[in-house]
Amino acid sequence: AQSVTQLDSQVPVFEEAPVELRCNYSSSVSVYLFWYVQYPNQGLQLLLKYLSGSTLVKGINGFEAEFNKSQTSFHLRKPSVHISDTAEYFCAVSPPPSGYSTLTFGKGTMLLVSP
Amino acid sequence: EAGVTQSPTHLIKTRGQQATLRCSPISGHTSVYWYQQALGLGLQFLLWYDEGEERNRGNFPPRFSGRQFPNYSSELNVNALELEDSALYLCASSLAGFGHIRIGTEAFFGQGTRLTVV
């Protein structure tokens with residue numbers, strides 16, 4: 001079984017500042033890793049995913065994440081945030097090859113960007 | 001191209017009633033997944049349908065059931081509603097026939113159905 005811990009339930013940040021949203025996972029097997037974003041009253045949108053290969057993954061909207069196997073982490077970063085990035089962010093893992101049916105999500109981190 | 005669509009957007013039911021939620025996947029997607037997003041519990045996997053068959057089920061009681069139709073749309077039924085069933089129910093679809101994640105096969109989520117049990 002796997003689990004996901006998002007260390008911060010809420011992260012306040014000023015516009016144009018950098019941000020890092022932390023995600024640690026626990027799994028006895030190798031995993032696929034994902035970050036999703038949920039805007040108010042919306043469904044989930046995939047930001048980026050790590051399946052294999054380069055540990056630095058670039059996603060949409062200027063976000064990137066780095067897979068660190070030794071620290072079992074997959075932190076999400078953006079060098080300069082905008083007001084429009086205010087949303088809830090979810091980290092998720094899945095053991096290959098079972099796919100989306102066994103996605104385990106973290107509890108989410110609310111990113112609050114203020115002017 | 002239309003995304004994953006869910007209906008209704010909001011649903012209010014009384015305890016003990018049945019609720020039916022509907023999901024239309026993206027055209028060409030054969031797999032449909034249902035998740036429950038309850039306050040304080042985060043996102044939890046409910047059901048996975050592919051090619052009309054239930055392929056996997058999360059840790060939910062049997063009163064949560066569903067089906068997938070020949071056009072790949074899906075229904076989630078919740079019987080004997082309890083107050084704790086109040087949540088946002090999200091549907092997702094993907095190309096991967098058996099849910100295997102391959103590069104380029106993303107799962108796309110709908111906007112959800114907000115179920116309120118009073």
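The values are calculated or read from the model by the stated rules, or taken from the named source; none is laboratory data. Since the structure is predicted, the reported quantities are computational estimates derived from the model, not experimental observations. Virtual Cβ from ideal backbone geometry, glycine too; neighbours counted across all protein chains shown. To get the accessible areas, we keep the full protein, side chains included, count just its heavy atoms, and leave off ligands, DNA and RNA. Shrake-Rupley method; radii C 1.70, N 1.55, O 1.52, S 1.80 Å.
Residue count for segment A:45-87 under the criterion of being assigned to a strand (DSSP E or B), of a type in the set (A, V, I, L, M, F, W, C) and farther than 18 Å from A:Q10 by Cα: the result is 7. Quick one: in segment A:68-97, which of the residues that are open to solvent by 40 Å² or more (accessible area, probe 1.4 Å) and within 12 Å of chain B (Cβ to nearest Cβ) is modelled with the lowest pLDDT? The residue in question is A:P97. In this entry, B:L46 passes the filter for residues that are closer than 23 Å to A:S94 by Cα, surrounded by 16 or more Cβ atoms within 10 Å (Cβ to Cβ) and among the aliphatic types (A, V, I, L, M). For B:S74, are the conditions met, namely being more than 30 Å from A:S9 (Cα to Cα), more than 10 Å from chain A (Cβ to nearest Cβ) and small (G, A, S)? In short, yes.
For segment A:4-16, state whether one or more residues are within 26 Å of B:N59 (Cα to Cα), assigned to a strand (DSSP E or B), in contact (Cβ under 8 Å) with a residue 12 or more places away in the chain and not basic (K, R). Among the residues of segment A:4-16, at least one is within 26 Å of B:N59 (Cα to Cα), assigned to a strand (DSSP E or B), in contact (Cβ under 8 Å) with a residue 12 or more places away in the chain and not basic (K, R), which makes the answer yes.
The sole residue among A:Y25, A:Y36 that is part of a strand (DSSP E or B), of a type in the set (S, T, Y) and more than 22 Å from B:L88 (Cβ to Cβ) is A:Y25. Residues in segment A:40-61 that are more than 10 Å from chain B (Cβ to nearest Cβ) and open to solvent by 50 Å² or more (accessible area, probe 1.4 Å): A:P40, A:S54, A:T55, A:L56, A:K58, A:I60, A:N61. Checked against (1) within 14 Å of chain A (Cβ to nearest Cβ); (2) open to solvent by less than 30 Å² (accessible area, probe 1.4 Å); (3) in a strand (DSSP E or B); (4) in contact with a Ser or Thr (Cβ under 6 Å, 6 or more places away or on another chain), B:L90 meets all criteria but (4).
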